[in-house]
Amino acid sequence: MTLNAADAPFAAHLSGLLPEGVLRPVEPRYLTEPRGRWQGQAGVLALPRTVDDVATLVRAANQWRVPVLPYGGGTGLVGGQVMPDGPAPLVVSLERMNSIRAVHPEENVLVAEAGCILADIQAAAAKVDRLFPLSLAAEGSCRIGGNLSTNAGGVNVLRYGNTRDLCLGLEAVLPSGQVWHGLSRLRKDNTGYDLRNLLIGAEGTLGIITAAALKLSPVPGSIGTAMLSVSSPKAALELLSLARAQVGEAVSAFELIHRQGLEFLTEVLPTVRQPFEAPPEWCVLIELGLSGGGDASEALEHLFETALSAGLADDGVIAQSEAQRHALWTVREHLPEANRLIGSVSSHDVSLPLSSIPDFIDRAAAAVAEIGPFRINNFGHLGDGNLHYNVFPPKGHSRTEFAAVAGQVQRAVHDLVHALDGSVSAEHGIGRLKAGDLLRYGDPVKLAAMRAIKTALDPEGIMNPGAILRD
């Protein structure tokens, strides 16, 4: 399908349809993404204030066959928010649609527009003594529309699920320009196909999410956080099983951290205070949230004692204050920044069946070592099987020296993930970065169904062309 650029005549057409101030000069910040892999382009930039504005924009783009690029907070890591080639698109940023429309604490529901920053939604929930549990490193700048469009994960998936699990209903503009008024607050609604879950994770290829009804949760009465050193990933999994046996679903987060990540912090972010005098080979960051009068710190102490007796842990630090809890999370949250400063040869966001993780870590290290003398920083959300498996040059060398084998490294890692029934995209989405991987590893029947859905909803192919489904 041939598309047309968002050119001056198209901009002039839009200006006659929209309120003043919706169309803006294109700024460089809308044309970049955090990893610097692509330089985007835009023919027209629009900052709508209402769902009717969005509908007008998309309807015109559909009539003129102009590509539409939805833009949230710009924090995505797979290039879904930039369009480096093809006709210059209409970029639609939802940043001015940032209102909390309603809060229903008695229902544990909050209705927010797509441009709301995640941290602001968390704060709005806290004002009514509720928790919106989605938690990401970028929560101060990412927006809920983008979180939903990528089905973002984060550190609390183990207990609360992905963003998909935190959404009850959506308002969205479909590629035709029609508005789907699906802001249901119902927990049960079996009235046909689930358009909500079709749009969540679609990365703007099936429409633009403009608002969402979100699930809230009670705030745990007691929160406990600890970092425990373990002998191996297998021991970490056994520790997770022990924790769940002792406190059930109160385990909110369970993060695996390798020594290499801690050494990277020492190398490039020495001001980040670390809990261990000497970095252990492996450690886990665990957080519990208890209700009903339970004491999370006491529960962690009991867990630590049991783990010591069972040989699953050999050292640990349990936070005794909010400041100490924050310090432990600071270590985990700065691992991606340290990775960025070191400069990876190849980065991977993968998920695996929990029991396959130790085998994957051993086999992937061997496969990568056959290609070159790399350093591997392997960390992530162990409780839900999501690993960030990142490969770096040897100390004293740069990533550019190994650019010729970066694809070989990625292929070796992803082939192994696929062989172990894992996924090459755990929580970052497909975007443009992994569109080739989806073709390589995706089930042909699923891909055919995805293309049929795309064709049915977006016959002109205007919505974020090039993302997810490659021609």
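Structure data summary
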| read-out | value |
| --- | --- |
| Positions within segment 55-86 being closer than 10 Å to Ile462 by Cβ and in a loop (DSSP other than H, G, I, E, B), in sequence order | Arg65, Val66, Pro67 |
| Single unsatisfied condition, Asp349 versus (1) closer than 28 Å to Ala152 by Cα; (2) out of contact with any helix residue (DSSP H, G or I) (no Cβ under 6 Å at 6 or more places or on another chain); (3) not assigned by the TED database to the domain that holds Phe392 | (3) |
| Failed criterion for Leu341 (all others in (1) in contact (Cβ under 8 Å) with a residue 12 or more places away in the chain; (2) open to solvent by 70 Å² or more (accessible area, probe 1.4 Å); (3) in a helix (DSSP H, G or I); (4) farther than 30 Å from Thr75 by Cα hold) | (4) |
| Ala137 being open to solvent by 20 Å² or more (accessible area, probe 1.4 Å), touching a residue at least 40 places away in the same chain (Cβ under 8 Å), under 16 Å from the mean Cα position of the chain (by Cα) and over 27 Å from Met463 (Cβ atoms) | yes |
| For Leu242: the one exception among (1) farther than 30 Å from Val109 by Cα; (2) without any contact (Cβ under 8 Å) to a residue 40 or more places away in the chain | (2) |
| Boolean, Asp384 is without any contact (Cβ under 8 Å) to a residue 40 or more places away in the chain and either of a type in the set (A, V, I, L, M, F, W, C) or within 30 Å of Leu198 (Cβ to Cβ) (or both) | no |
| Sole residue being of a type outside the set (A, V, I, L, M) and under 23 Å from the mean Cα position of the chain (by Cα), chosen from Ser297, Ser321, Ser309, Ser356 | Ser356 |
| Residue that is within 17 Å of Gly72 (Cα to Cα), of a type in the set (A, V, I, L, M), open to solvent by 10 Å² or more (accessible area, probe 1.4 Å) and out of contact with any Gly (no Cβ under 9 Å at 6 or more places or on another chain), where the choices are Ile121, Ile100 | Ile100 |
| Count - residues of segment 347-357 that are in a helix (DSSP H, G or I) and open to solvent by less than 30 Å² (accessible area, probe 1.4 Å) | 2 |
| Considering residues of segment 221-239 that are open to solvent by 20 Å² or more (accessible area, probe 1.4 Å) and assigned to a strand (DSSP E or B) only, the residue nearest to Leu308 (Cα to Cα) | Ile223 |
| Residues that are of a type in the set (S, T, N, Q) and under 14 Å from the mean Cα position of the chain (by Cα), drawn from segment 151-208 | Asn151, Asn156, Asn162, Thr163 |
| Residue tally, condition more than 13 Å from the chain's Cα centre (by Cα) and surrounded by 24 or more Cβ atoms within 10 Å (Cβ to Cβ), over segment 140-150 | 0 |
| Qualifying position, being farther than 23 Å from Arg37 by Cβ and of a type in the set (Ser, Thr, Tyr), among Thr400, Thr455 | Thr455 |
| Search result, residues across segment 69-95 that are within 23 Å of Asp437 (Cβ to Cβ) and either touching a Cys at 6+ places or on another chain (Cβ under 8 Å) or surrounded by fewer than 22 Cβ atoms within 10 Å (Cβ to Cβ) (or both) | Gly72, Gly74, Thr75, Leu77, Pro84, Asp85, Gly86 |
| Residues located in segment 442-464, provided they are open to solvent by 30 Å² or more (accessible area, probe 1.4 Å) and touching a strand residue (DSSP E or B) at 6+ places or on another chain (Cβ under 9 Å) | Lys454, Leu457 |
| Counted residues, segment 36-54 - those being among the small types (Gly, Ala, Ser), open to solvent by less than 20 Å² (accessible area, probe 1.4 Å) and in a loop (DSSP other than H, G, I, E, B) | 1 |
| Inter-residue pairs, beta-carbon under 6 Å, first farther than 20 Å from Gly383 by Cα and open to solvent by 20 Å² or more (accessible area, probe 1.4 Å) and in segment 409-430, second of a type in the set (Val, Ile, Thr) and in a loop (DSSP other than H, G, I, E, B), 6+ apart | Ile430/Ile468 |
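The values are calculated or read from the model by the stated rules, or taken from the named source; none is laboratory data. Quick caveat, the model's predicted, so the values are computed rather than measured. Cβ coordinates were reconstructed from backbone atoms using ideal geometry, including for glycine residues, and neighbour counts include every protein chain displayed. SASA here: full protein model, heavy atoms, side chains in, ligands and nucleic acids out. Shrake-Rupley method; radii C 1.70, N 1.55, O 1.52, S 1.80 Å.
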